[in-house]
Amino acid sequence: LSNGFVFDDISMIENNAAIRSPRYAKLYFTRPFFSVGRPTTGPVEYDYYRPMVLVSYMVDYLLWGRSVRGYHFSNLVFHAAATLLVFLLLRRLKLGANASFIAAALFAVHPAVADSVAGVSGRSDPLCAIFFLTSIYCYVRARQTDSNRSPALLICSCIAFVLAVLTKENAIALPFIL
């Protein structure tokens, strides 16, 4: 929590006036990564389209202002939520409680996700994982349910899928996984 902004965090968050006001939120959905007048993700300009990540930065700014600690706290919360979803999905898929816990714990501490949690600009990964796993969970639950809730669960799955794609482009693989 005490680390500062690093690398892309500086241009995407610290120096990005576009996350400091909800009036820019519409532009998040109509332009690539937006920073008052130009797309930016660091020293090099890219054409990322990740509006939900920008929304999360804006919410963080409204909550924490420029306090880096708050942004890091949000990343930890997102990662914890993704970890919980791994556990819940594995339980829904009938994996035992111990095996599900161990798998979720490995997901939580695996070094492959360290950059996504430690660097605030890596937020697209845990945020996408939340929507991605929610979509899978709702889909699996709908397939296992014979009640009238099944259509609602499928709609929730579709909404979570759209949010995942608006968070990170690799979520487009979800229908193929399902």
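Filtered by the rule that a residue be more than 19 Å from CYS158 (Cβ to Cβ), more than 13 Å from the chain's Cα centre (by Cα) and of a type in the set (Gly, Ala, Ser), the stretch 85-144 gives GLY96, ALA97, ALA99, SER100, ALA103, ALA104, ALA105, ALA108, ALA112, ALA114, ALA118, GLY119. Of everything in the stretch 69-87 that is of a type in the set (A, V, I, L, M, F, W, C) and buried (at least 19 other Cβ atoms within 10 Å of the Cβ), the residue that is nearest to ILE19 (Cα to Cα) is PHE78. Search the stretch 78-98 for residues being more than 14 Å from SER135 (Cα to Cα) and of a type in the set (Lys, Arg), and hand back the single one that is modelled with the lowest pLDDT. Among residues in the stretch 78-98 that are more than 14 Å from SER135 (Cα to Cα) and of a type in the set (Lys, Arg), the one modelled with the lowest pLDDT is LYS94. Residues of the stretch 59-72 that are more than 14 Å from the chain's Cα centre (by Cα) and either closer than 13 Å to ASP125 by Cα or touching a residue at least 12 places away in the same chain (Cβ under 8 Å) (or both): TYR61, LEU62, ARG66, VAL68, ARG69. Number of residues in the stretch 89-106 that are part of a helix (DSSP H, G or I) and open to solvent by 60 Å² or more (accessible area, probe 1.4 Å) equals 6.
Filtered by the rule that a residue be over 17 Å from LEU90 (Cβ atoms) and outside any loop (DSSP other than H, G, I, E, B), the stretch 134-156 gives ALA142, SER150, PRO151, ALA152, LEU153, LEU154, ILE155, CYS156. Could you tell me whether the stretch 116-137 includes any residue that is more than 28 Å from PRO32 (Cβ to Cβ) and at pLDDT 95 or above? So far as the stretch 116-137 goes, yes, one or more of its residues are more than 28 Å from PRO32 (Cβ to Cβ) and at pLDDT 95 or above.
Residue count for the stretch 47-68 under the criterion of being among the small types (Gly, Ala, Ser) and farther than 20 Å from SER21 by Cβ: the result is 0. Could you tell me whether any residue of the stretch 128-148 is more than 20 Å from ALA173 (Cα to Cα) and touching a residue at least 60 places away in the same chain (Cβ under 8 Å)? Scanning the stretch 128-148, I find no residue that is more than 20 Å from ALA173 (Cα to Cα) and touching a residue at least 60 places away in the same chain (Cβ under 8 Å), so the answer is no. Yes or no: ALA112 over 22 Å from ALA80 (Cβ atoms), out of contact with any Gly (no Cβ under 7 Å at 6 or more places or on another chain) and assigned to a helix (DSSP H, G or I)? Spelling it out, it is not the case that ALA112 is over 22 Å from ALA80 (Cβ atoms), out of contact with any Gly (no Cβ under 7 Å at 6 or more places or on another chain) and assigned to a helix (DSSP H, G or I). Within the set of pairs 6 or more residues apart or between chains, which connect a residue that is within 15 Å of SER116 (Cα to Cα) inside the stretch 164-177 to a residue that is part of a loop (DSSP other than H, G, I, E, B) with Cβ atoms less than 8 Å apart? Within 8 Å, the pairs are THR167/ARG50; LYS168/ARG50.
The values are calculated or read from the model by the stated rules, or taken from the named source; none is laboratory data. Because the structure is a prediction, the values reported are computed rather than measured. Using ideal geometry, Cβ is built from the backbone for each residue, glycine included, and neighbour counts are taken over all protein chains shown. In case anyone asks, the SASA skips ligands and DNA or RNA and just uses the protein heavy atoms, side chains included. Shrake-Rupley method; radii C 1.70, N 1.55, O 1.52, S 1.80 Å.
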